[in-house]
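Participant: Sharing a structure, written as structure tokens. Questions coming.
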Amino acid sequence: MLKTVVIGAGAAGCFCAIELKRRRPDMEVTVYESGPKPLAKVAVTGGGRCNLTNSFAGISRLAEAYPRGEQVMKRALRTFSHQDTMEWFEREGVALLTQEDECVFPVSQDAMQIVRTLERLMRELGVKVICNRRVARISELDADFVVVTAGGSGKAALETLLPDDVSITNTVPSLFTFKIADESLRSLMGTVAENVGLCLAGTAFRSHGTLLVTDWGVSGPATLKLSSYAARHLADNGYRATLLVNWLDSTESEVRRILASSISGNGKKFISNAHPEGMTDRLWQHLLQRSGIRSDLRWQELGNKGVNKLVNTLTADGYQIVGRARFKEEFVTCGGVDLSGIDLNTLESKTHPGLFFAGEVLDIDAITGGFNLQAAWSTGYTVARTIASEK
């Protein structure tokens, strides 16, 4: 009987084990997990609701969703797409819902439904799951195939686990919120700004979306996207940078037209009482103060100098990032097994036949929205299909 050992009982590891055992019932499949239970991370993802994939409707280029690993994901998604994921779980009795933001959740809004489904399938198929067992080195394993899915492991741990010639890219956090030094911004805690543009000064890293002001700084989809795109840059710079906020996500000329319209239509009104559509009163007062504009000034009194100040604040409002904060219970790392050392079609090591990788242990990571779990399903499926075809 052929033996396969999977290291890591997360989404990729468990999904791979299930698909492999389904295709090769005659194969012995064992999953080792260093923690006390399998799928612990899946249980908390999506705020405990499990955002298990995305419709990809808002993605024009795959690199928008996968800052690292785009080429692997192009192949993996052709093998097992987001539609395949949805059909797979629905066949197992999990009703799904696609939200307006294109994120896909169980109708139950309960991540444990996904956990229980995967655990049931492993149990029914005869997959052995051994928890509280850390594999120090793969050389200690007696197996024909080894699948490493230990996502979130640091570089040192991976270098100990894997053969010396398997190249590891340094692992750093991704998907985090920003700590901001400015107390006046943090005083707006709870403020939500829709359609904001963010960038890091002096770089090409940019994101768009909703911004949430918190008591420590900023969060929300736009922040999390930027943290993903700039994960390595921010780590290299000690999580210190200047965040530039474009509060209307518009060009300078577009903002000037918006202000010109306010001047012509609200000339006699106080500037503090007439703000751009969609902006809250609290945020507008804050931005006027940042621009050095008196709240008792009327629009017709603003003048060119005042317009210039306001345009600059609305399009490039700078705040100092002084650190990062973990995003709820969820975390993602960028880095891991260097993709140059694996076959991008099979995810097998180029130098060690029978050694495979799936999930976050690879140098693949994504923005928030179900894309990271989709990477786990797709890469796990790819490995299972490859091993199952071995004689």
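The values are calculated or read from the model by the stated rules, or taken from the named source; none is laboratory data. Remember, it's a predicted structure, so these values are computed and weren't measured experimentally. FYI the Cβ positions are ideal-geometry reconstructions off the backbone, even for glycines, and counts take in every protein chain you see. Ligands, DNA and RNA are stripped out before the accessible areas are found, and what is left, the full protein with its side chains, is counted by its heavy atoms. Shrake-Rupley method; radii C 1.70, N 1.55, O 1.52, S 1.80 Å.
Participant: Compute the normalised compactness of segment 1-93: alpha-carbon radius of gyration over 2.2 N^0.38 Å, N being the residue count.
Facilitator: 1.24
Participant: Still on this model: Return the inverse of the average 1/r over all pairs of distinct C-alpha atoms in segment 79-126, which is the Kirkwood hydrodynamic radius, in Å to one decimal. Don't skip to the answer; put the middle values down first.
Facilitator: Working: mean 1/r = 0.0867 Å⁻¹.
Taking every pair of different Cα atoms in segment 79-126, averaging 1/r and inverting gives 11.5 Å.
Participant: For MET279, MET1, MET112, write out the residues from largest to smallest accessible area, computed with a 1.4 angstrom probe and no ligands counted.
Facilitator: Numbers: MET279 20, MET1 160, MET112 70 Å².
Descending order: MET1, MET112, MET279.
Participant: Taking Cα pairs under 8 Å and at least six residues apart, what relative contact order does the chain come out at, in percent?
Facilitator: Numbers: 821 pairs, mean separation 100.6, N = 391.
Worked out over the chain, it gives 26 percent.
Participant: In terms of modelled amide H atoms, which long-range or inter-chain residues lie less than 5 Å from the amide H of ARG298?
Facilitator: Those qualifying (amide H under 5 Å, at least 5 residues apart or on another chain) are ILE271.
Participant: Moving to a separate point now. Give the aspartates and glutamates whose C-alpha is closer than 16 Å to that of LYS268, dropping any in the same chain fewer than 8 places away, or say none.
Facilitator: Result set, ordered by chain and number: ASP296, GLU301.
Participant: Taking the Cα-to-Cβ direction at LYS155 and at GLN99 and moving 7 Å from each Cα, how far apart do the two end points lie in nm?
Facilitator: Using points 7 Å along Cα→Cβ, the separation is 3.5 nm.
Participant: Averaging the inverse of every distinct alpha carbon separation and then flipping it gives the Kirkwood radius. What is it for segment 237-391, in angstrom units?
Facilitator: 20.1 Å
Participant: Round to the nearest 0.05 the FRET efficiency obtained for SER108 and LYS305 when R0 = 35 Å and r is the Cβ-Cβ distance.
Facilitator: The computed FRET efficiency comes out at 0.05.
Participant: Let me ask something else. Mind checking the angle between helix 281-291 and the chain's longest principal axis? C-alpha axes, 0 to 90 degrees, to the nearest 10.
Facilitator: That helix lies at roughly 70 degrees to the long axis.
Participant: Enumerate the calculated ³J(HN,Hα) couplings along segment 317-323 in order (Karplus 6.51 cos²θ - 1.76 cosθ + 1.60, θ = phi - 60°), each rounded to whole Hz, writing x wherever the residue is Gly or Pro.
Facilitator: 7, x, 9, 7, 7, 10, x
Participant: Then there's this: Cross-link list LYS41/LYS391; LYS179/LYS225; LYS21/LYS155; LYS21/LYS225; LYS37/LYS225; LYS41/LYS179: which exceed 27 angstrom alpha carbon to alpha carbon? Could you put the intermediate results ahead of the total?
Facilitator: Working: LYS41/LYS391 34 Å; LYS179/LYS225 15 Å; LYS21/LYS155 30 Å; LYS21/LYS225 36 Å; LYS37/LYS225 30 Å; LYS41/LYS179 24 Å.
Distance filter (> 27 Å) returns LYS41/LYS391; LYS21/LYS155; LYS21/LYS225; LYS37/LYS225.
Participant: Taking the radius of gyration and the Kirkwood hydrodynamic radius from Cα positions alone, what is the Rg/Rh ratio for the chain, to two decimal places?
Facilitator: Using Cα coordinates only, the ratio equals 1.07.
Participant: With each label point set 7 Å from Cα along the Cα-Cβ vector, what nm distance links MET1 and ALA201?
Facilitator: 6.4 nm
Participant: May I ask you to derive the FRET efficiency for ASP296 and HIS352 from their Cβ-Cβ distance with R0 = 56 Å, giving the value to the nearest 0.05?
Facilitator: Values: r = 72 Å, r/R0 = 1.29.
The formula returns an efficiency of 0.20 here.
Participant: Report in % the part of the accessible area of the chain that belongs to carbon and sulfur, leaving out ligands and nucleic acids; probe 1.4 Å.
Facilitator: 48 percent
Participant: Using only the Cα atoms of segment 28-175, each taken as one equal point scatterer with no solvent, compute I(q) by the Debye sum, divide by I(0), and report log10 of the ratio at q = 0.10, 0.11 Å⁻¹.
Facilitator: -0.45, -0.55
Participant: Okay, next question. Would you work out which of LEU97, ALA376, VAL361 lies farthest towards the positive end of the dipole of the chain, given +1 charges on the beta-carbon of Lys and Arg and -1 on that of Asp and Glu, about the Cα centre?
Facilitator: Checking the options against the dipole of the chain, the answer is LEU97.
Participant: Let me ask something additional. What size of dipole, in debye to the nearest 20, comes out for the chain about its Cα centre when the only charges are +1 on Lys and Arg C-beta atoms and -1 on Asp and Glu C-beta atoms?
Facilitator: With Lys and Arg at +1 and Asp and Glu at -1, about 580 debye.
Participant: Any chance you could list the semi-axes, whole Å, largest first, of the equivalent ellipsoid that the Cα gyration tensor gives for segment 96-194, using √(5λ)?
Facilitator: 37, 27, 11
Participant: Give me the distance between the Cα centres of segment 318-391 and segment 126-163, rounded to whole Å.
Facilitator: Cα centroid of segment 318-391 versus Cα centroid of segment 126-163: 15 Å apart.
Participant: Helix 82-91 against the longest principal axis of the chain: what's the angle in degrees, Cα atoms only, rounded to the nearest 10?
Facilitator: Around 60 degrees separate the two axes.
Participant: Can you work out the Karplus-derived ³J(HN,Hα) for every residue in segment 154-167? Use 6.51 cos²θ - 1.76 cosθ + 1.60 with θ = phi - 60°, whole Hz, and x for glycine or proline.
Facilitator: Each residue of segment 154-167 in turn: x, 4, 4, 5, 5, 5, 6, 5, 9, x, 4, 8, 7, 6 Hz.
Participant: Multiplying the sequence separation of SER264 and SER139 by 0.36 nm and subtracting their Cα-Cα distance, what value in nm do you get? Display every interim value, and only then the final one.
Facilitator: Values: separation 125, 0.36 × 125 = 45.00 nm, distance 7.51 nm.
Additional length available on full extension: 37.5 nm.
Participant: If you don't mind, there's one more thing I want to ask. Taking amide H positions as placed in the peptide plane 1.01 Å from N, state which residues far from GLY151 in sequence (5 or more) or on other chains have amide H under 5 Å from it.
Facilitator: GLU360, VAL361
Participant: What spacing in nm lies between the two simple spin-label points modelled at GLN83 and ALA388, each 7 Å away from Cα in the Cβ direction?
Facilitator: It works out to 2.0 nm between the two label points.
Participant: While we're looking at this one, here's another question. Show the residues, 5+ positions off or on another chain, whose built amide H is closer than 5 Å to the amide H of GLY318.
Facilitator: VAL245
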